[in-house]
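The values are calculated or read from the model by the stated rules, or taken from the named source; none is laboratory data. The model shown is predicted, which means the values in this text are computed figures rather than measured ones. Glycine also receives a Cβ, built like all others from the backbone with ideal geometry; neighbour counts cover every protein chain displayed. Surface areas here come from the heavy atoms of the whole protein model, side chains and all, with no ligands, DNA or RNA. Shrake-Rupley method; radii C 1.70, N 1.55, O 1.52, S 1.80 Å.
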There are 2 protein chains.
Amino acid sequence: MSKLPEKTIGRLSEYRRTLLNCLANGKTHVFSHDLANLHNITAVQVRRDIMLIGYSTTLKKGYDVKALIDVIGNIIDTKDGLNAAIIGIGNLGRAITAYFNGKRTRLKIAATFDTDPEKTNRVISGVKCYPISEMGRIIKEQDISIGILTVPPEDAAAVTETLIMAGIKGILNYTSTSLNVSPNVYLEEYDMITSLEKVAYFVKEKNE
Amino acid sequence: MSKLPEKTIGRLSEYRRTLLNCLANGKTHVFSHDLANLHNITAVQVRRDIMLIGYSTTLKKGYDVKALIDVIGNIIDTKDGLNAAIIGIGNLGRAITAYFNGKRTRLKIAATFDTDPEKTNRVISGVKCYPISEMGRIIKEQDISIGILTVPPEDAAAVTETLIMAGIKGILNYTSTSLNVSPNVYLEEYDMITSLEKVAYFVKEKNE
DNA sequence: TAAACATTGTTATTTAATTAACAGTGAAAT
DNA sequence: ATTTCACTGTTAATTAAATAACAATGTTTA
Ligand SMILES: NC(=O)c1ccc[n+]([C@@H]2O[C@H](COP(=O)([O-])OP(=O)(O)OC[C@H]3O[C@@H](n4cnc5c(N)ncnc54)[C@H](O)[C@@H]3O)[C@@H](O)[C@H]2O)c1
Ligand SMILES: NC(=O)c1ccc[n+]([C@@H]2O[C@H](COP(=O)([O-])OP(=O)(O)OC[C@H]3O[C@@H](n4cnc5c(N)ncnc54)[C@H](O)[C@@H]3O)[C@@H](O)[C@H]2O)c1
């Protein structure tokens, strides 16, 4: 298995979501082109991704939904799951917490952190919010390996520093500041304004 | 100029954000490697992107911050700006609206839409929320060309249909359902769970 | 001023990702 | 049964993106 392309990992996650839907609707098998249509990509891409993870079917009646879900799970999930924390439980942090809560069993938001005394030491959106000063301790105690950053942009760098000191292994950064992390920490960044500006640019392009 | 790589567009948006920061801090010039460090990429990449948009400096004291902001603006922005709408003013929709409101002059959230009568015909997070039934009319009246989808996943497809009928030109889809749109509409999709699962996968990888 | 240096712009190379091509094979049709 | 058909798996080709290489040139230092 070793080295799967980064893009493939993203698509596997999406396939699984769709497959879980199929399962819920009683579909037991799905063709590569069905999966492709549902994701706006080509059937070849789907087959190639699935080839890469080593699953294959002898039948010509499509992939076995259940089996494929399991195979993808073996790639993406860890045996015991991973814990994540939200840092900065403001508007976005609360939306994410409320959304994730109870959605994935293998990946859960175990704690949130904030500096605002109005928010700390309370349960917000179903998860306990701790003062940032306790971050190191809680991250270790609760074996949290992923940090989701939703603090104000100007605090992002400092918070990241603390997170890494506390032994965090992966960061999902939603603040509009890009971060520098040591290469043993995986960093994924997403900026909504960039996305929106991209849409705007291509809308403009198409009009010309 | 014609065809800029998609990735470059994304980075230009990010450079501009950083450049605006520089400007605010009184920096008038910035080196390619400064910009690179701030974005976790290489200086070559920065220079190449900037080459592609046709800006260059004769000085060897870095790029002129103000000038570069303008050049990027000419690429990304339209003359009169574009209007966007949020569809589904729930947790995520509200967070986005509150965040964007008053941030970009050239790109603004002009209206929001929802089905919930508790929410419609009120101002939420600073923007008027209309019932979904009026979407066609409002989109035309207010010249809205971008739709940001934050409705429940099961409603995404139907809402998209309506959006396209109303003449929307670009969609930013935050629901966890991927959409099919005609090729004259630009579609950008982002799924937080996929992002988080990607982080989880690479965290797991690194541990092995 | 001359030499050393730093920085840019651009072409060439490499790497990553996608798409095309097609052989192989089970299922359905005749 | 045999032919046709629909799908899959995989290698090869193409395209897109990132990186390296380096000439050109303004800046700083001796
Ligand atoms: N809201 C959105 O839709 C949206 C979109 C794109 C980007 N963002 C980014 O996400 C981040 C948060 O946005 P928001 O709208 O939720 O802002 P917000 O102000 O609602 O929330 C920020 C939260 O962080 C807390 N905080 C401040 N300093 C902190 C620190 N040092 N440590 C821990 N917590 C701290 C605040 O108390 C607050 O609860 C910002 O960086 C913003 O740029 C938000
Ligand atoms: N909250 C998050 O952080 C988050 C993260 C990832 C993805 N999402 C996705 O974003 C979407 C919204 O999430 P949320 O947490 O804000 O949910 P939410 O339930 O808080 O908000 C959904 C809103 O959409 C409205 N709505 C329902 N049907 C509608 C329709 N047909 N037309 C217009 N409006 C309608 C509801 O009244 C509600 O206000 C979901 O698809 C979810 O999968 C959310």
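Mind checking whether some residue in the range A:193-204 is open to solvent by less than 50 Å² (accessible area, probe 1.4 Å) and within 25 Å of B:ASN207 (Cα to Cα)?
no
Might you let me know whether the range A:53-66 holds any residue that is modelled with pLDDT of 95 or more, within 14 Å of chain B (Cβ to nearest Cβ) and surrounded by fewer than 14 Cβ atoms within 10 Å (Cβ to Cβ)?
No: the range A:53-66 contains no residue that is modelled with pLDDT of 95 or more, within 14 Å of chain B (Cβ to nearest Cβ) and surrounded by fewer than 14 Cβ atoms within 10 Å (Cβ to Cβ).
Quick one: which of A:GLU141, A:GLU134 is over 30 Å from B:THR18 (Cα atoms), assigned by TED's automatic domain parsing to the domain that holds A:GLU189 and loosely packed, with under 14 Cβ neighbours inside 10 Å?
Selected residue: A:GLU141, the only one of A:GLU141, A:GLU134 that is over 30 Å from B:THR18 (Cα atoms), assigned by TED's automatic domain parsing to the domain that holds A:GLU189 and loosely packed, with under 14 Cβ neighbours inside 10 Å.
Let's see how each residue does on (1) over 22 Å from A:THR175 (Cβ atoms); (2) away from DNA strand C (no atom under 16 Å from the Cβ):
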position: A:LYS61; (1), (2): yes, no
position: A:ILE86; (1), (2): no, yes
position: A:ILE89; (1), (2): no, yes
position: A:ILE109; (1), (2): no, yes
position: A:GLY126; (1), (2): yes, yes
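Say whether the condition of being of a type in the set (S, T, N, Q), within 16 Å of DNA strand D (Cβ to nearest atom), outside any helix (DSSP H, G or I) and at positive phi is met by at least one residue in the range A:1-10.
Yes; the residues of the range A:1-10 include at least one that is of a type in the set (S, T, N, Q), within 16 Å of DNA strand D (Cβ to nearest atom), outside any helix (DSSP H, G or I) and at positive phi.
Would you call A:LEU107 at pLDDT below 95, of a type in the set (A, V, I, L, M) and not assigned by TED's automatic domain parsing to the domain that holds A:LEU20?
yes
Could you give me the residue pairs with C-beta distances under 7 Å whose first residue belongs to the range B:185-208 and is within 7 Å of chain A (Cβ to nearest Cβ) and over 21 Å from A:ARG17 (Cα atoms), whose second residue is open to solvent by less than 20 Å² (accessible area, probe 1.4 Å) and outside any strand (DSSP E or B) wherever it lies, and which are 6+ apart or on separate chains?
As it stands, the answer is B:TYR186/A:VAL199; B:TYR186/A:VAL203, since those pairs meet every condition given.
Restricting the search to the range A:83-135, which residues are more than 10 Å from chain B (Cβ to nearest Cβ) and aromatic (Phe, Trp, Tyr)?
A:PHE113, A:TYR130
Cβ-Cβ below 6 Å, separation at least six or inter-chain, first residue in the range B:126-149 and under 18 Å from B:ALA95 (Cβ atoms), second within 16 Å of DNA strand D (Cβ to nearest atom): which pairs?
B:ILE146/A:VAL199
Taking the stated definitions as given, is A:ILE86 in a strand (DSSP E or B), modelled with pLDDT of 95 or more and either touching a His at 6+ places or on another chain (Cβ under 6 Å) or within 14 Å of ligand 2 (Cβ to nearest atom) (or both)?
Here the answer is yes, as A:ILE86 does meet what is asked.
Tally the residues that are within 7 Å of chain B (Cβ to nearest Cβ) and open to solvent by less than 10 Å² (accessible area, probe 1.4 Å), restricting the search to the range A:162-178.
2
Where in the range A:134-208 are there strands (runs of 3 or more DSSP E), lying wholly inside it, with at least 1 residues that are among the aliphatic types (A, V, I, L, M) and over 17 Å from the mean Cα position of the chain (by Cα)?
Correct list: empty, since no element meets the threshold.
Looking at the range B:27-52, which of the residues that are part of a loop (DSSP other than H, G, I, E, B) and closer than 24 Å to A:LEU187 by Cα is least open to solvent (accessible area, probe 1.4 Å)?
B:ILE41
Small (Gly, Ala, Ser), under 14 Å from the mean Cα position of the chain (by Cα) and within 16 Å of ligand 1 (Cβ to nearest atom): is that true of B:ALA85 in this structure?
In short, yes.
Say whether the condition of being within 22 Å of B:ALA95 (Cα to Cα), open to solvent by 50 Å² or more (accessible area, probe 1.4 Å) and touching a Pro at 6+ places or on another chain (Cβ under 8 Å) is met by at least one residue in the range A:109-117.
Among the residues of the range A:109-117, at least one is within 22 Å of B:ALA95 (Cα to Cα), open to solvent by 50 Å² or more (accessible area, probe 1.4 Å) and touching a Pro at 6+ places or on another chain (Cβ under 8 Å), which makes the answer yes.
If you scan the range A:136-156, which residues turn out to be within 18 Å of B:VAL199 (Cβ to Cβ) and either of a type in the set (Ser, Thr, Tyr) or away from every other protein chain (no Cβ under 14 Å) (or both)?
A:GLN142, A:SER145, A:THR150
Take B:ALA98 and tell me if it is within 30 Å of B:ALA158 (Cβ to Cβ), open to solvent by 30 Å² or more (accessible area, probe 1.4 Å), within 16 Å of ligand 1 (Cβ to nearest atom) and outside any loop (DSSP other than H, G, I, E, B).
Working: within 30 Å of B:ALA158 (Cβ to Cβ): yes; open to solvent by 30 Å² or more (accessible area, probe 1.4 Å): yes; within 16 Å of ligand 1 (Cβ to nearest atom): yes; outside any loop (DSSP other than H, G, I, E, B): yes.
The answer is yes for B:ALA98.
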